[in-house]
Amino acid sequence: MTDKSPKPESISNGTEWVMIVDDEFDIVSTFKQGLERMGFHVFGFTEPSSALEHFQLNQGKYGLVISDLRMPGMNGYEFIKQVKEIRPKVKVFLMTAFEINDAEFRNALPNVKLEGLIQKPISLANLTSTVSKYINHHHPHSR
């Protein structure tokens, strides 16, 4: 018997937080505000090391992590790899304005399952749609 329904952990355990990590403050701020208006609980970071500390302390609450690929200090590959080591079941997306091929993904993250790649620039509507597929949330002001 195969059960393809979502596991309860992804719905009822409060794993509804979204993390956005990008070294550009404007991108973090815009995405955070836009997603919060749609009812998501979002934390934004411009420093991957700070984001990793926060993730470590709150790992059970995060359902989705979106990280820029190219950042100073720690790139998105390294960041996502560490996030997945802390909590393997969290959903992750890498975001980039650059072209990335499959071979680069497989070489950088051979054993890491990514939900996908977000190509910048992305509209808030498309970002919201992508996040909605992975995060269960309630619109506080549905109209």
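Here, each number is a calculation from the coordinates, and none is a lab measurement. Since the model is a prediction, treat every value here as computed from it, not as a measurement. Neighbour counts are summed over all protein chains in view; Cβ atoms, including those assigned to glycine, are modelled from backbone coordinates with ideal geometry.
Summary of computed values
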| quantity | calculated |
| --- | --- |
| Test: residue in the range 94-113 that is within 25 Å of residue 136 (Cα to Cα), basic (Lys, Arg) and surrounded by 13 or more Cβ atoms within 10 Å (Cβ to Cβ) | no |
| Test: residue 79 is of a type in the set (Phe, Trp, Tyr) and touching a residue at least 40 places away in the same chain (Cβ under 8 Å) | yes |
